[in-house]
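One structure is given below, encoded as structure tokens.
The values are calculated or read from the model by the stated rules, or taken from the named source; none is laboratory data. Keep in mind the model is a prediction, meaning the values are calculated, not measured. Ideal geometry is used to build each Cβ from the backbone, glycine not excepted, and the neighbour counts take in all protein chains shown. These area figures cover heavy atoms from the full protein model, side chains too; ligands, DNA and RNA do not enter into them. Shrake-Rupley method; radii C 1.70, N 1.55, O 1.52, S 1.80 Å.
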Amino acid sequence: AGEIELQYESFIQPVAPLNAVLDSSAQPMSDPLACHKTTARDHLTCVKDRHPMYEEVLMQTENGHLVGFLKGNVVIELQGSKLTPELGNHFLAGTYARYLAEIDEVNFAPLTVQDLHSATKIWRINSVTRWVEINLNRGN
């Protein structure tokens, strides 16, 4: 039989907008640990360690598709529509993103780094913090 380990952390609602950066390194989507929420998070720690000056990091695939943030899904506003990456390209498909799609607040779409240039707003979403606006440094 397995063991259960319980951890907790104090929660402070982030002050929006969060300063974030687009990580120029592609996430290895062939890595099964990158596609599921597990306690094996070393690959994410390495991403964060490359950008210590930022509160959040947006990741991409080898093909330039948006993946998501370290602590949630990405939603971008394009031409008045709120879009989040398709589940096929998404590594940590969140329950909150699925819920928002079910109630037609967001739509799944194939999103790329190029789409960030046309985005009028960017958010990080997750079940804990909900919608947090992002100030994305697109220069890195």
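If you scan the range 122-139, which residues turn out to be in a loop (DSSP other than H, G, I, E, B) and open to solvent by less than 50 Å² (accessible area, probe 1.4 Å)?
The answer is Thr129, and nothing else.
Residue under question is Glu86, and the condition is that it be charged (D, E, K, R), over 20 Å from Ala16 (Cα atoms) and in contact with a Leu (Cβ under 9 Å, 6 or more places away or on another chain); does it hold?
Values: charged (D, E, K, R): yes; over 20 Å from Ala16 (Cα atoms): yes; in contact with a Leu (Cβ under 9 Å, 6 or more places away or on another chain): yes.
For Glu86, the condition - charged (D, E, K, R), over 20 Å from Ala16 (Cα atoms) and in contact with a Leu (Cβ under 9 Å, 6 or more places away or on another chain) - is met.
Given the residues Ala119, Ala97, Ala93, Ala101, which is the only one that is in a loop (DSSP other than H, G, I, E, B), modelled with pLDDT of 90 or more and open to solvent by less than 40 Å² (accessible area, probe 1.4 Å)? Even if it seems obvious, please write down each step before you answer.
Numbers: Ala97 fails: in a loop (DSSP other than H, G, I, E, B); Ala93 fails: modelled with pLDDT of 90 or more; Ala101 fails: in a loop (DSSP other than H, G, I, E, B).
Sole residue among the options that is in a loop (DSSP other than H, G, I, E, B), modelled with pLDDT of 90 or more and open to solvent by less than 40 Å² (accessible area, probe 1.4 Å): Ala119.
Just the residues that are open to solvent by 30 Å² or more (accessible area, probe 1.4 Å) and charged (D, E, K, R), please, taken from the range 48-79.
Within the range 48-79, Lys48, Asp49, Arg50, Glu55, Glu62, Lys71, Glu77 meet the criteria.
Which count do you get for residues in the range 110-132 that are under 12 Å from the mean Cα position of the chain (by Cα) and of a type in the set (D, E, K, R)?
1
For Ile12, are the conditions met, namely being surrounded by fewer than 18 Cβ atoms within 10 Å (Cβ to Cβ) and modelled with pLDDT under 85? Quick ask: steps written out before the conclusion?
Details: surrounded by fewer than 18 Cβ atoms within 10 Å (Cβ to Cβ): yes; modelled with pLDDT under 85: yes.
Yes, satisfied.
Among the residues of the range 80-89, write down those that are out of contact with any Pro (no Cβ under 8 Å at 6 or more places or on another chain) and surrounded by 20 or more Cβ atoms within 10 Å (Cβ to Cβ). Explain how you work it out, then say what you get.
Taking the range 80-89 as the starting set, the residues that turn out to be out of contact with any Pro (no Cβ under 8 Å at 6 or more places or on another chain) are 80-84, 87-88.
Residues satisfying the conditions are Leu83, Thr84.
Look at Asn126 and say whether it is under 19 Å from Glu56 (Cα atoms) and of a type in the set (S, T, N, Q). Break it down into steps so the answer makes sense when it comes.
On the way: under 19 Å from Glu56 (Cα atoms): yes; of a type in the set (S, T, N, Q): yes.
Answer is yes for this residue.
Across the range 104-116, what is the total count of residues that are touching a strand residue (DSSP E or B) at 6+ places or on another chain (Cβ under 6 Å) and part of a loop (DSSP other than H, G, I, E, B)?
The total comes to 2.
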